[in-house]
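Notes for the one structure printed next.
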Amino acid sequence: MKLRWLGHACFRVEWGAYSIIIDPFAPGSVPGCRDIHETANRVLCTHSHHDHNYVEGVALRETGAEPIQVTPLESFHDGERGQLRGPNTMYLLEGGGVRAAHLGDIGCMPEPSLLERLQGLDAVMLPVGGHYTVGPQEAQAIVEAIQPRVVIPMHYRSERFGFDVIGPVEDFLKICGPWKRYESDSIEIRPGMEAHTAVLTYLGE
């Protein structure tokens, strides 16, 4: 399974010729990030905020067999059971012996039943910037609870992109354990990979 980071919380998930776009953001909604113009077999949105639900940015092509099984897992955008920012849908993605999950704008520790569903992941796409989502410490607590092989940080800022109210990825890297910075915006996920945090490079500016 190939995961390509398109900026913010948006990813392209590929298995062979089949692809899914998760959380496309509206034009101009994320400072420093180029507009989303993608073609895929399916588009998924974790919640209804404009920086996560621009389905118009994805042209859908005809779908035959779907090699990636998608399971929605309902959670919350905040620590008040959605009272502040609403619901959040995490997506469990399974195909070819690989299990990955996109946690959307998770704003609190998932409930025990959800943590059970997220055990044994080969990869997790996890927000780490705080303010709108979990911050570094909360994100690391989720990692420790579900023990994924590869952690891919998202929804953070750098000097070149992102909301100024959220934190940089470096705050998470200080506490996350082994990590590696990739020169690419993509990573191939395989079963049994070495456990580490994979910092992808945003190439879309």
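Among (1) within 14 Å of the chain's Cα centre (by Cα); (2) crowded, with 23+ Cβ neighbours inside 10 Å; (3) touching a residue at least 40 places away in the same chain (Cβ under 8 Å), where does T89 come up short? Against the list (1) within 14 Å of the chain's Cα centre (by Cα); (2) crowded, with 23+ Cβ neighbours inside 10 Å; (3) touching a residue at least 40 places away in the same chain (Cβ under 8 Å), T89 comes up short only on (2). Looking only at residues in the range 1-24 that are under 13 Å from the mean Cα position of the chain (by Cα) and of a type in the set (F, W, Y), the one that is nearest to E159 (Cα to Cα) is W5.
Taking the criterion of being over 16 Å from D185 (Cβ atoms) and either of a type in the set (K, R) or touching a helix residue (DSSP H, G or I) at 6+ places or on another chain (Cβ under 6 Å) (or both), the residues of the range 1-47 that qualify are R42, V43. Looking at the structure I just gave you, is G7 surrounded by fewer than 20 Cβ atoms within 10 Å (Cβ to Cβ) and at positive phi? Criteria not met by G7. Scanning the range 183-200 for residues that are assigned to a loop (DSSP other than H, G, I, E, B), within 20 Å of P136 (Cβ to Cβ) and within 14 Å of the chain's Cα centre (by Cα) turns up just one, L200. Within the range 65-89, being part of a loop (DSSP other than H, G, I, E, B) and either touching a Leu at 6+ places or on another chain (Cβ under 9 Å) or modelled with pLDDT of 75 or more (or both) holds for A65, E66, P67, I68, H77, D78.
The values are calculated or read from the model by the stated rules, or taken from the named source; none is laboratory data. It should be emphasised that the depicted structure is a prediction, and the values quoted were computed from it without experimental measurement. Positions of Cβ are generated from backbone atoms using ideal geometry, with glycine treated the same way; all protein chains shown enter the neighbour counts.
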